[in-house]
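Take a look at the structure set out below.
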Amino acid sequence: MLFSKLEKKIAFRYLRAKKRGFGSVVSWVSLIGITLGVATLIVVMSVMGGFHDTLLSRIIGMNGHVVVYHQNGTISDYDFLIDKMRQNKVVAKYTTSIVPIAEGQIMASAKGNNSGAMVRGIRMPDLISKTQNGARIYGKSLDAVNDGELIIGASLSRALHVTAGDKVSLISANGGTATPFGTMPRIMAYPVVSSFFMGMYEYDNGYIFMPLATAQKYLNIENSVTHIDLFLSDAEQSEDVVKALDTLLPDGFIIRDWRDLNRGFVGALQVESSVMFLILLLIVIVAAFNIISSLVMLVKDKNKDIAVLRTFGVSRKSMMKIFILAGTYIGVIGATFGTLIGVLMAIYIEPIRKFFQFITGRDLFPAQLYSLSELPSKLVPSTVIGIAVIAIALAFLATLYPAWRAANTDPVETLRNE
C-alpha cells in the first residue's frame, strides 16, 4: 500500500484540527482557491473551445477544408479531376463532398451605389447543402434559382439598396474586351432573386453567388473553374488529404488546407486560448502556495507531536507521507468540487448568461458584435481531466517542502526545548 492505516489516520486527524488543520482559515482559502481555479479553467476553456469550433465552422462553412488551385489560374476538365479524386482511398474516406468553384473579384453597382465584392459561381445543389447549417435565405428558394440570377449577401444588398427583382451591374477587370486602347472592363447586369445571411461579415457584406454556368460565362472561363473545394467529415484530417492529393495530382496544382488559408485567425485563437489558460492557472498556483503556508504552520504547531511520533519509531518516510497526504487531500477535494462546478457551468452557460443578463439589464453577449446568437461551449473530457490532474499535481508538489521539514524535525532537540 502507498499509505499505511496509521499514516492515513494521523493525516486525517491533523486535517480535522481546528487551529491549523482543515478547519483553519488558510486551509479553507486553499480549498476554495483550487475549487474556483479548476471551475474557472474548465468554463473558460470550454467557452474558448466552443468559440473556436463555431467560428471555424462559419469561416470554413462556405470554403473547403482543402482547396485545389492550378498555377495557371483555372482548372479545365474539373469533372474528370473530381472523379479521379473520389477514386483515391484517402480522399474518399474523409471527404463528404467535392465542389467546383468559379470565383472572381468584381465591383457591384446598383442605384448609384458601388461596393467591392467577390462573385462565386457554384452549382445550386452544392450551395443548398452548404447553406443548411445556420444560413438564412430570403426571397426565392435556392432550388428555383435559374442561370443569370444572383443571390447576394444581406449586408451587401443593404449597402447597394437593392431588393429582390432589382438588377445589379457586375464590373470585372478580368475577361474584358481587348481594344487598341487597352482592355475594357467586363460589365454585365443580373437580377437579384434572393439574399442570404450567414452571420459572418466577410460573406454577408462581400459575396454574391450565382449558378456555376453563369459565373463561367461572366468570368470568361468557359468549361473551367478557378478552384475545387473539398469538404471533410473531420477537419483535423486535412493534412492526410493534402498529402494524398500531392501524390495524386500532376505538377502545377497547388493544394492548401484550412489552416493555411486561415493561418492568422487560427493562430490568434490558439494564442488567446493558451494565454487564458496560463493566466487562470495562476489561481490554482496561488492556492497551492496557500497549501504550503497551511502545512508549514501545521508542522510548526505539531512539532511536539512529530517528535513524540518519531521517538515511538515512526520513520522519516512515514512523516513525509503523513503531511503529503494531508496537503494532497485538500487538492483532491478542491479539484473534485471544482470539476463538478465547472462542468455544470459549462453545460448550462447559456441559461447562466441569460440570468445575469436579466439581473443586470444589459446585453452581455451582443449577437451583432460576435455574429453568434448564443454563448457557445464545448466540453472536452481530456481537457477537463487534464485540468483536474494539474490541480492535484500542484497540490502534491506544494506538500513536499512542509513534509520534508516535518521529516527532518529533530525529536531530541524538540523535546528538550519543551
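The values are calculated or read from the model by the stated rules, or taken from the named source; none is laboratory data. Since the model is a prediction, treat every value here as computed from it, not as a measurement. Please note: Cβ atoms are built from the backbone with ideal geometry, for glycine as well, and neighbour counts cover all protein chains shown.
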* Asked: Do we have any residue at all in region 295-307 that's buried (at least 17 other Cβ atoms within 10 Å of the Cβ), assigned to a helix (DSSP H, G or I) and either modelled with pLDDT of 80 or more or in contact with a His (Cβ under 9 Å, 6 or more places away or on another chain) (or both)?
  -> no
* **Pairs with Cβ under 8 Å, 6+ apart, first in region 184-203 and within 16 Å of residue 159 (Cα to Cα) and in contact (Cβ under 8 Å) with a residue 24 or more places away in the chain, second surrounded by fewer than 19 Cβ atoms within 10 Å (Cβ to Cβ) and of a type in the set (Phe, Trp, Tyr)** => 194/138; 195/138; 196/138; 197/138
* To do: Give the number of residues within region 34-87 that are more than 27 Å from residue 376 (Cβ to Cβ), in contact with a Phe, Trp or Tyr (Cβ under 8 Å, 6 or more places away or on another chain) and hydrophobic (A, V, I, L, M, F, W, C).
  => 2
* Could you please find all residues in region 203-246 being of a type in the set (A, V, I, L, M, F, W, C), in contact with a His (Cβ under 8 Å, 6 or more places away or on another chain) and either assigned to a strand (DSSP E or B) or modelled with pLDDT of 85 or more (or both)? => 230, 231, 232, 241
* Going through region 138-167 one residue at a time, which ones are surrounded by fewer than 17 Cβ atoms within 10 Å (Cβ to Cβ) and more than 20 Å from residue 113 (Cβ to Cβ)? -> 141, 143, 144, 146, 147, 148
* Asked: Do we find a residue being farther than 15 Å from residue 385 by Cβ, touching a residue at least 12 places away in the same chain (Cβ under 8 Å) and surrounded by 23 or more Cβ atoms within 10 Å (Cβ to Cβ) anywhere in region 334-351?
  -> yes
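For (1) assigned by TED's automatic domain parsing to the domain that holds residue 311; (2) more than 30 Å from residue 198 (Cβ to Cβ); (3) modelled with pLDDT of 80 or more, each residue gets a yes or a no:
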| position | (1), (2), (3) |
| --- | --- |
| 337 | yes, yes, yes |
| 341 | yes, yes, yes |
| 357 | yes, no, no |
| 363 | yes, no, no |
| 373 | yes, no, no |
| 388 | yes, yes, yes |
| 395 | yes, yes, yes |
| 398 | yes, yes, yes |
| 413 | yes, yes, no |
* Asked: Residues in region 17-33: is at least one touching a Lys or Arg at 6+ places or on another chain (Cβ under 8 Å) and at pLDDT 75 or above?
  -> no
* To do: Check residue 103 against each of (1) within 33 Å of the chain's Cα centre (by Cα); (2) outside the structural domain of residue 349 (by TED's automatic domain parsing); (3) farther than 18 Å from residue 219 by Cα and name the one condition it does not meet.
  => (3)
